[in-house]
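The block underneath contains the structure these notes are about, expressed in structure tokens.
The values are calculated or read from the model by the stated rules, or taken from the named source; none is laboratory data. Treat the numbers as computed from the prediction; the structure is a model and nothing was measured. Reconstructed Cβ throughout: ideal geometry from the backbone, glycine too, with neighbour counts over all protein chains shown.
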Amino acid sequence: MTAPRRLASATAPIIGFALLTSLLLPTTAAAHAELTGTSPEADAELETPPTEVMLTFDDELQADGSAFTVTGPDGTVAGTGALDLHVADRNVLRGAVTATQPGEYRVAWTALAGDGHEDEGSFTFTLTEATPAAPPDTALSAASGPWLAILGGILIVMTAVAVGTRRAAHP
């Protein structure tokens, strides 16, 4: 066997092991959390004010260092948010917002990924009219009308029978 062949046959297992090891090791250095979605959507024009803002990332975030602030058209804070600990993947920032006037709202966020990489950004949405959300309809539906009348009638008849029975028993 010649020297180059011996060298190639001796280094082949080492190269194979190195390649296999590099494929199996976790690649945490490249796992920065990227923003994948927002609600409301970036640049959205809304007729009804949102009640919350939600940002979704493609990787786990750390609670300390991950948050957002919503600033209204007049420059005042309209809401804040933090890591939603109820989401198993720990990749959602969520918070309440009070949008009361028409105009542009800016959401400025900071996300601290599990690998320690910090990223920040912002997006806007516009409220075209500050129309409050309609209150829930608590009125009884028209279908409940006949049932209420029937139940009321039964109650009146039962009361009359009870009073009549009592008067008959005690003349």
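Some notes on this structure:
- Residue tally, condition surrounded by fewer than 15 Cβ atoms within 10 Å (Cβ to Cβ) and modelled with pLDDT of 95 or more, over segment 87-110: 5
Residue-wise test of (1) surrounded by 15 or more Cβ atoms within 10 Å (Cβ to Cβ); (2) within 11 Å of LEU35 (Cβ to Cβ).
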position	(1), (2)
LEU61	yes, yes
PHE68	yes, yes
GLY72	yes, no
VAL77	no, no
LEU85	no, no
LEU112	yes, no
HIS117	yes, no
THR128	no, no
